[in-house]
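Enquirer: Here it is, the structure in full.
The values are calculated or read from the model by the stated rules, or taken from the named source; none is laboratory data. What you are looking at is a predicted structure, and each value in this text was computed from that prediction instead of being measured. Note that each Cβ is placed from the backbone with ideal geometry, even for glycine, and that neighbours are counted across all protein chains shown. Side chains are part of the model used for accessible areas, which takes the heavy atoms of the whole protein and leaves out ligands, DNA and RNA. Shrake-Rupley method; radii C 1.70, N 1.55, O 1.52, S 1.80 Å.
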Amino acid sequence: MQRRPEVGVLAVQGDVAEHAAMLDRAGARARPVRRVAELADVDGLVLPGGESTTMSRLLASFGLLDPLRERIRDGLPVYGSCAGLVLLAHRVYDGRPDQHQLDGLDVVVRRNAFGRQVDSFETDLEVRGVDDGPVHAVFIRAPWVEKAGADVEVLARIPDTAEAGAAADRIVAVRQGRVFATAFHPELTGDERLHRLFVRNVRSRVRELEER
C-alpha cells in the first residue's frame with residue numbers, strides 16, 4: 001500500500017490550518033513548514049492564501065527563499081492559492097519593489113486585480129482536470145494572470161459574461177509542470193477536489209523518484 005505523501009503547508013502567514021485540513025481529507029499527511037529542514041522533508045508544498053508581500057519578506061527572514069526556489073527547480077510539486085499564485089509568478093504588476101518572486105510559473109500576475117476586500121465575490125468555474133461539475137470559487141483581494149507563457153496550461157478562466165465586466169475571460173488557474181496555482185481559495189469551500197488533484201501530482205512525483 002502506497003504511503004500517504006508528506007505535503008507541507010508554508011506556515012509563516014495565511015490560511016495554513018484550512019489547507020492542512022483539506023490535504024488530510026485528500027489523502028496526504030499535512031505538515032507545517034517554517035524551517036529549511038522541514039522543507040527538505042516534504043514531498044510537496046502548499047503556499048496558502050494570505051498577504052503576498054508579508055509572505056515574501058517572511059520567506060527571506062526564515063531563510064527559505066533560495067532553498068524553496070531550488071526545490072521548485074528540482075521538480076517539487078507546489079500548489080499556490082491566491083497569494084501563493086503571486087509568489088510563484090515570474091513577474092507581478094502592482095507589487096512592491098522589494099517583493100521576492102519564486103519564479104515557479106512563467107506568468108505575469110496582477111496583484112489585487114479584482115479589487116479590495118469589499119470587492120470579494122464567489123462564482124462557479126469549470127476547472128480543467130476536475131471532474132463532477134464546476135468548482136465553487138471564493139475570490140478575496142485576488143490576483144489574476146495577465147500573461148501566460150507557452151508552457152503554461154490554463155485550467156480556468158472567469159466566465160465571459162456581461163456581469164463579469166473587466167474580469168471576463170481572465171485566467172484564474174494555471175499549471176506548469178509540477179507547479180499549480182489558483183487565484184481563488186478552495187480551502188474555504190469544503191470541496192477538496194483541487195487538493196486531490198494536487199495530491200495526485202505529488203504521488204506521481206514520489207513514484208517517479210522511487211523508480212530512479
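Enquirer: How many percent of Cα pairs in region 101-166 exceed 19 Å?
Expert: The calculated P(r) of region 101-166 puts 41 percent of pairs beyond 19 Å.
Enquirer: Note down, for region 34-75, the three equivalent ellipsoid semi-axes (square root of 5 times each alpha carbon gyration tensor eigenvalue), biggest first, whole angstrom.
Expert: 17, 12, 10
Enquirer: To test your reading of the geometry: what angle, between 0 and 90 degrees and rounded to tens, separates the Cα axis of helix 52-61 from the longest principal axis of the chain?
Expert: Taking Cα atoms only, the helix is inclined about 30 degrees.
Enquirer: Still on this structure, please answer the following. Considering only protein heavy atoms and a probe of 1.4 Å, how much of the accessible area of the chain is carbon and sulfur, as a whole percent?
Expert: Looking at the chain in its full context, I get 45 percent from C and S.
Enquirer: To continue, here is another question. May I have the convex hull volume per residue, in Å³, for the Cα set of region 1-97?
Expert: Looking at region 1-97, the number lands at 91 Å³ per residue.
Enquirer: Then there's this: Mind giving me the FRET efficiency for D94 and A162? R0 is 41 Å, r the Cβ-Cβ distance, nearest 0.05 is fine.
Expert: My answer for the efficiency is 0.95.
Enquirer: Sequence gap at least 6, Cα distance under 8 Å: using those rules, report the relative contact order of region 95-176 to the nearest whole percent.
Expert: Reported relative contact order: 30 percent.
Enquirer: Restricting the count to DSSP beta bridges whose residues both fall in the chain, what percent are antiparallel, rounded to a multiple of 5?
Expert: 50 percent
Enquirer: Let me ask another. Tell me the per residue accessible area of the chain using a 1.4 Å probe; a whole number in Å² is fine.
Expert: 46 Å²
Enquirer: Above 21 Å lies some portion of the pair distances; for the chain, what is it as a whole percent of all C-alpha pairs?
Expert: For the chain, the fraction of Cα-Cα distances above 21 Å is 48 percent.
Enquirer: Which whole-angstrom value gives the distance between the alpha carbon centres of region 85-162 and region 22-54?
Expert: 20 Å
Enquirer: Sticking with this structure for a sec: What is the local net charge at A137, summed over the other residues whose Cβ is closer than 9 Å to its Cβ (Lys, Arg +1; Asp, Glu -1)?
Expert: -2
Enquirer: Taking only the alpha-carbon positions of region 52-134 and ignoring solvent, what does the Debye formula give for the base-10 log of I(q)/I(0) at q = 0.15 Å⁻¹?
Expert: With no solvent term, the Cα-only Debye profile gives -0.65.
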